[in-house]
Amino acid sequence: MNGMFVFIPLMMQAIPPPAGTHFFARTDYEGPGLLCGAGYSIRLREGENAVVKTDSGLNSIGEIALNEGLFSIRGSQYATEGGTFVADIGDGTLRRKRSTHGIVWIYRDNAPGSTDVFGAAVNATVPTAAFKRVRFGAPRFGMIDGERCMSGKDSDERVL
């Protein structure tokens, strides 16, 4: 995919990945259950789904389809800089930034990189219903608040 775009079919828009990014793994999730990423979690309800693609490093992009709309979450080992301070959340901060793709919500804690939330369902200067369902912070031992993170299926339909 060198020099190409990663196409996000749920959102019908192209988001350029960081230079040199090659996505190697795809995991599909279907609600209900708790979807956990490196710096976030979302409770998927019945009929909601997500697709998470990861590369060989620490980068991932999740395409999230909730009843409230479609959006993406990108976890990167490279932090997105800039933006306006919005709030302190746990061990990190939430910022908001306008980009060529609309509003990007950026969460950074003491881990390297950032968790960026963007797309149609979160493209507003105030938190939308879809955005309010995202909880920031890393799961501990595959759990959040005593609840186990859900398993997904890879492209061969194997449960991970």
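Determine, yes or no, whether residue 129 is exposed (fewer than 14 other Cβ atoms within 10 Å of the Cβ), under 16 Å from the mean Cα position of the chain (by Cα), farther than 20 Å from residue 25 by Cα and of a type outside the set (Phe, Trp, Tyr).
When the stated conditions are applied, residue 129 passes them.
Looking at 83, 113, 90, 33, which one is touching a residue at least 12 places away in the same chain (Cβ under 8 Å), surrounded by fewer than 15 Cβ atoms within 10 Å (Cβ to Cβ) and on the phi > 0 side of the Ramachandran plot?
After applying the criteria, what remains is 90.
Going by the conditions given, is residue 69 open to solvent by less than 50 Å² (accessible area, probe 1.4 Å) and either aromatic (Phe, Trp, Tyr) or without any contact (Cβ under 8 Å) to a residue 40 or more places away in the chain (or both)?
no
Please give the number of the condition residue 107 fails out of (1) out of contact with any Leu (no Cβ under 7 Å at 6 or more places or on another chain); (2) surrounded by 14 or more Cβ atoms within 10 Å (Cβ to Cβ).
That leaves (1) as the condition not met.
Read through the list (1) more than 16 Å from the chain's Cα centre (by Cα); (2) more than 18 Å from residue 38 (Cα to Cα); (3) touching a residue at least 60 places away in the same chain (Cβ under 8 Å), then give the number of the only condition that residue 120 fails.
Every listed condition holds for residue 120 apart from (1).
Could you please find all residues in the range 130-152 being modelled with pLDDT of 90 or more, assigned to a strand (DSSP E or B) and among the basic types (Lys, Arg)?
Within the range 130-152, 135, 148 meet the criteria.
The values are calculated or read from the model by the stated rules, or taken from the named source; none is laboratory data. As the structure is a prediction and not an experimental result, all values here were calculated from the model. Glycine also receives a Cβ, built like all others from the backbone with ideal geometry; neighbour counts cover every protein chain displayed. Heavy atoms of the whole protein, side chains included, go into the accessibility calculation; ligands, DNA and RNA do not. Shrake-Rupley method; radii C 1.70, N 1.55, O 1.52, S 1.80 Å.
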